[in-house]
Amino acid sequence: MDFTATPAWSALLASAATPLPSLRELFAADPGRAAAMTLGAADLRVDFSKQRVVAETMQHLIAVAEASGVQSRRDAMFAGEPINTTEGRAVLHTALRAPRDAVVMVADESGARHNVVPEVHATLDRMAVFADRVRSGAWTGHTGSRIRTVVNIGIGGSDLGPAMAYKGLFAYRHPDIECRFVSNIDGADIGQNLSGLDPASTLFVVSSKTFTTIETLTNAETARAWLLGGFGGDESAVARHFVAVSTNAEKVAAFGIDTANMFGFWDWVGGRYSIDSAIGITLMISIGPEGFREFLDGMRAIDEHFLHAPLAQNVPVILAMLGVWNSNVMGAQSHAVLPYAHELSRFAAYLQQLDMESNGKGVHRDGTPVTGDTGPIVWGEPGTNGQHAFYQLLHQGTRLVPVDMIGFAHPNHSHRNHHDLLTANLFAQSEALAFGKTAAEATAEGMPATQVPHRVFTGNRPSTTIVAARLTPRVLGELIALYEHKVFVQGCIWDVNSFDQWGVELGKALANRITPELSGPSTHLTTHDSSTIALINWYRDQQQETT
Ligand code: G6Q
C-alpha cells in the first residue's frame, strides 16, 4: 500500500502547506516545548523538541503510522509470522532476547509450529559455558596456553555488530583478552590483524550465517594456514583454535571445524539483526555472560516499550515518523548519527547496514515500484571529531541533514574534565543547529558588514538528542533495539520488505564471475562491456609485468 495515498498522509501534507515557524520562534512561544517533546524509553531519554515539528505535525504523523498498519505488522513480527516474504521467513531477532519462560511459536519447513525460546536459551547456555572457559583460562590452546586473543572472522551482519559492540563496551572487556575483527577480503585486513599474534594463544571465531561467504571462508582458510604454520602443520591443533558460528552445520563440517565447536542460530535471524544471537559470542567472551545477559535485557526492555507504549509515546515510532517527515516532506536525503562517546565510533557504520540494507529498497512488498524516497543515507562519526570535519556543512551548507546526537551523563573513564568538555560540545552543537546566529547578532558581536553574511548561521536545523546515564551493556542493547524498531516502523510506512537484501546477494554473485578471468588462461572477455574488459586486461598485464 502506498502511504502517500492515505487520507492521513493527505491531512499531514495539508497541515504542512502552511510553513511552520522557525525553531527559534517555536521555543520562544512555548516554554514547555522541551518537556512536551521529551520521552523516556527504558533508560533512554529522547528529546525531539529540536525537530521542525509541532504537536499537530506529530498527531498527523502518528495517524499515518496507524493507517500504515504499524501495530498489526509489529505484532505479526513478534508472533513469528513469515513477514520476510521474499525469503519466506519469520523475523524473530526479538525472540533472541526473550526471557527463558517466554513462548514464541514459529512454523518449521513442514508447517508444524514449535516454541523457539528453549533452543535460544540452550544456545545461550552453551555460549556462556564456552565464554566462561575462555575467560577463566580453562579453555586452552593446542599447547596448553590460555587464549589471549580472539579473532572474529565474518563480514556484514557477522562482523559489524560484534565489532561495534566490542568497542562500545571496551570498558567492560576482559582485561587479558583482546578481540580483533577481520572482515575484508583485502589481505591487508587479516595481515594486519594477525600481526604480532602467537598462534598458541589465539582463538578464531568464524562467523557466517550461510558459511558460504567468500570473504569469510577465504580469511578463515588463511587463518588456518597461519595457525598450522605455527604448529608445524599439525592438523589436530585446529580443534582448540577454531570455533564456528553458523546456521549451516554441513558447511562448517566441510570446512574442517568440528560441529561440537559450533554455535548455531536460525534462518529467522537476519544477518544485520544477529548481534544478539551466537554471532555475539566474541562479545560475550569479552564482556562475560552476565554482561551479555544485561545487553539482551536492554534490548528486551525496548522490545517491551515498542510493544506496549501507545504510538504517540512510542519512541521507536516517534523516531521513525520524524525520519519520514524529514525525508518525505522536508526532502532530507541523509541522516547523521553523531555519538558523543568515542566508544561508539563504529555505531554509525553499524546503523548504516541496519538501516540502508533494510530500507534501501525501490519496490513495495507487492513488487510495485515505490513513488517517493525510502531509507536515507545514514552516516556519522563521533563528536567531537566530526565537529572539526563535516559539521561546517551541517551548520552552513545548503543541504538539510537531520541528526541524532547521543550522549551520556557519566563516562566509562576517570577523566571527568574531558567528559564535561565533550558534553558541553554535544549540547552546544544541538543548540547552534537549532537556533543559529542572525545577522543582527553577528553585527552586535562587532563583525564588519562584509563578514556578516559569512558569520550568519541560519539555524532551524533538526536534531534529536538521545541521552542515558552511562554507556553500559544494557544501554547499548537499548540503543540497538531502538534503531532496529525505528527501521522496522519506517519499513512499514514505506511498505517495503526490510528483511531481504538482494543487492548484497548480487555483489556476491558478480565477483565470482570475474575472479577466474583475472588469473586464468587468456580468454575472450566478450561477455563484459568495453570498460570492464579494459580494466580486466590492464590487471592481467600488470600481473605479467611483475612476474
Ligand atoms: C545482513 C546481510 C549480510 C550478511 C553478510 C554475511 O543482513 O545478509 O550483510 O550478514 O553478507 O553473510 P554470512 O553471515 O552468511 O557470511
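Assorted remarks:
- Residue count for the range 204-242, restricted to those that are surrounded by fewer than 19 Cβ atoms within 10 Å (Cβ to Cβ) and within 11 Å of the ligand (Cβ to nearest atom): 4
- Among the residues making up the range 412-426, those that are over 18 Å from residue 381 (Cβ atoms) and out of contact with any strand residue (DSSP E or B) (no Cβ under 8 Å at 6 or more places or on another chain) are 413, 414, 415, 416, 417, 420, 424.
- Looking across the range 273-309, the residues that are assigned to a helix (DSSP H, G or I), of a type in the set (A, V, I, L, M, F, W, C) and within 16 Å of the ligand (Cβ to nearest atom) come down to 278, 279, 281, 283.
- Restricting the range 276-297 to residues that are of a type in the set (Val, Ile, Thr) and farther than 23 Å from residue 115 by Cβ, the residue that is surrounded by the fewest Cβ atoms within 10 Å (Cβ to Cβ): 281
- Residue 62 falls short on exactly one of the conditions (1) assigned to a helix (DSSP H, G or I); (2) open to solvent by 40 Å² or more (accessible area, probe 1.4 Å), and that condition is (2).
- Cβ-Cβ contacts under 6 Å between residues 6 or more apart (or on different chains), taken from a first residue in the range 211-226 that is assigned to a helix (DSSP H, G or I) to a second residue that is at pLDDT 95 or above and within 11 Å of the ligand (Cβ to nearest atom), are listed as 215/155; 216/153; 216/154; 216/155; 216/208; 219/153; 220/153; 220/206.
- Leading residue by the ranking (farthest from the chain's Cα centre (by Cα)) among those in the range 457-482 that are of a type outside the set (A, V, I, L, M, F, W, C), more than 14 Å from residue 344 (Cα to Cα) and open to solvent by 10 Å² or more (accessible area, probe 1.4 Å): 458
- Each residue in the range 113-125 was checked for being aliphatic (A, V, I, L, M), part of a helix (DSSP H, G or I) and either touching a strand residue (DSSP E or B) at 6+ places or on another chain (Cβ under 9 Å) or crowded, with 16+ Cβ neighbours inside 10 Å (or both), and 3 of them qualify.
- Of the residues in the range 193-203, at least one is touching a Phe, Trp or Tyr at 6+ places or on another chain (Cβ under 6 Å), part of a helix (DSSP H, G or I) and more than 16 Å from the ligand (Cβ to nearest atom).
- Of the helices (runs of 4 or more DSSP H) that lie entirely inside the range 437-512, those containing 2 or more residues that are hydrophobic (A, V, I, L, M, F, W, C) and closer than 21 Å to residue 46 by Cβ span 473-494.
- Of all positions in the range 333-345, none carries a residue that is within 16 Å of the ligand (Cβ to nearest atom) and in contact (Cβ under 8 Å) with a residue 40 or more places away in the chain.
- The residue list 136, 145, 110 contains one member that is surrounded by fewer than 21 Cβ atoms within 10 Å (Cβ to Cβ), modelled with pLDDT under 95 and either within 16 Å of the ligand (Cβ to nearest atom) or over 28 Å from the mean Cα position of the chain (by Cα) (or both), which is 110.
The values are calculated or read from the model by the stated rules, or taken from the named source; none is laboratory data. Just so you know, these numbers come straight off a predicted model, no measurement behind them. Counting neighbours? That spans all protein chains shown, and the Cβs are built from the backbone with ideal geometry, glycine included. Ligands, DNA and RNA are excluded from the accessible area calculation, which covers all protein heavy atoms including side chains. Shrake-Rupley method; radii C 1.70, N 1.55, O 1.52, S 1.80 Å.
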